[in-house]
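For reference, the structure discussed in these notes is given below.
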Amino acid sequence: MNKYLAECIGTFILVFFGCGTAIVSGGSLVPTSLAFGLSIIAAAYSIGNISGAHLNPAVSLGFYMTKRLSQADFVGYVVAQVAGSVIAALILKILSATVDGDQDYLLDSFDALGSNGFGEFSGCEMNLIGALIVEIITTLIFVLVILQVTAKAEHANIAGIVIGLTLTLIHLTTINFTGTSVNPARSLGPALFAGFDHLKQVWVFIVGPLAGAALAALVYPILFTNKTTK
């Protein structure tokens, strides 16, 4: 049970600080990218020894498909991750009601709650196909990095930093495309409270990352044929 609670808390940290920074900075590229990356690092070195700090159904799917996570734990992790995201988004929504009405530059940002999107909700008005491609490719890379850097015990001291910096790089590249998901739980929580227009797009940020993670799990043993998984 402790590992599920750890996943819930860790995902809360990721969404609250990552999306919270996106809100107060108006989606500014560097602060938001750093907030998501640093949140991963903080979670990895605080709860990583309890649950592995997946904080992401796509990561858990990669571990499940490579036989490093049981089916029961996969389900438990996903439920806990979604719960953590929803709680964080709910608190951000409550905080949005306390914003000074004169701060117009923040109001739209608070309404979106750091949601992902395409079309009118994309910084460059990327369409549906583009958003799917971006999320599949970036999640494939992200999950491959995680599977490899966590494959050996001697990498434990640096794994959190590598994963956090990788997520920062992905955000720097793709925030203006989709707002950067690579994480179905991170996308679902804010979308639930951001209104129907955001909610009706969230499927892209569930399907895309899960497809990317599945591809990563299939590619991983081909790339690293001499590596053993736990």
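Within the range 1-13, being polar (S, T, N, Q) and either surrounded by 17 or more Cβ atoms within 10 Å (Cβ to Cβ) or outside any helix (DSSP H, G or I) (or both) holds for one residue alone: THR11.
Exactly one residue out of LEU210, LEU192, LEU215, LEU172 is assigned to a helix (DSSP H, G or I) and closer than 23 Å to VAL30 by Cβ, and it is LEU172. Restricting attention to the range 65-85, the residues that are buried (at least 17 other Cβ atoms within 10 Å of the Cβ), assigned to a helix (DSSP H, G or I) and either small (Gly, Ala, Ser) or out of contact with any Pro (no Cβ under 8 Å at 6 or more places or on another chain) (or both) add up to 8. Test PHE142 against the criterion of being aromatic (Phe, Trp, Tyr), on the phi < 0 side of the Ramachandran plot and within 15 Å of the chain's Cα centre (by Cα), and give yes or no. Yes; evaluated as a whole, the condition is true for this residue. Inclusion of PHE74 among residues that are at pLDDT 95 or above, among the aromatic types (Phe, Trp, Tyr) and under 20 Å from THR150 (Cβ atoms) is warranted.
One line per residue, one yes/no per condition, for (1) under 20 Å from ALA191 (Cα atoms); (2) in contact with a Gly (Cβ under 7 Å, 6 or more places away or on another chain):
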position	(1), (2)
LEU34	no, no
ALA43	no, yes
LEU61	no, no
LYS93	yes, no
PHE110	yes, no
GLY119	yes, no
SER122	yes, no
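Flag: LEU55 does not match the condition of being of a type in the set (A, V, I, L, M), crowded, with 21+ Cβ neighbours inside 10 Å and more than 22 Å from LEU210 (Cβ to Cβ). A single entry from GLY62, GLY117 fulfils the requirement of being part of a loop (DSSP other than H, G, I, E, B) and buried (at least 21 other Cβ atoms within 10 Å of the Cβ): GLY117. Scanning the range 39-87 for residues that are within 24 Å of THR168 (Cβ to Cβ) and hydroxyl-bearing (Ser, Thr, Tyr) yields SER39, TYR45, SER46, SER51, SER60, TYR77, SER85.
Looking only at residues of the range 171-193 that are crowded, with 24+ Cβ neighbours inside 10 Å and aliphatic (A, V, I, L, M), we find that the one that is farthest from LEU92 (Cα to Cα) is VAL182. With respect to the stated conditions, PHE193 is among the aromatic types (Phe, Trp, Tyr) and more than 16 Å from the chain's Cα centre (by Cα).
Taken over the range 14-31, the criterion of being within 13 Å of the chain's Cα centre (by Cα) and either crowded, with 20+ Cβ neighbours inside 10 Å or in a loop (DSSP other than H, G, I, E, B) (or both) is satisfied by LEU14, VAL15, PHE16, GLY18, CYS19. Do we have any residue at all in the range 140-155 that's charged (D, E, K, R), in contact with a Pro (Cβ under 7 Å, 6 or more places away or on another chain) and more than 20 Å from GLY26 (Cβ to Cβ)? Taking every residue of the range 140-155 in turn, none turns out to be charged (D, E, K, R), in contact with a Pro (Cβ under 7 Å, 6 or more places away or on another chain) and more than 20 Å from GLY26 (Cβ to Cβ).
The values are calculated or read from the model by the stated rules, or taken from the named source; none is laboratory data. Computed from a predicted structure; not experimentally measured. When we count neighbours, we look across all protein chains shown, and the Cβ atoms used for this are built from the backbone with ideal geometry, even at glycine.
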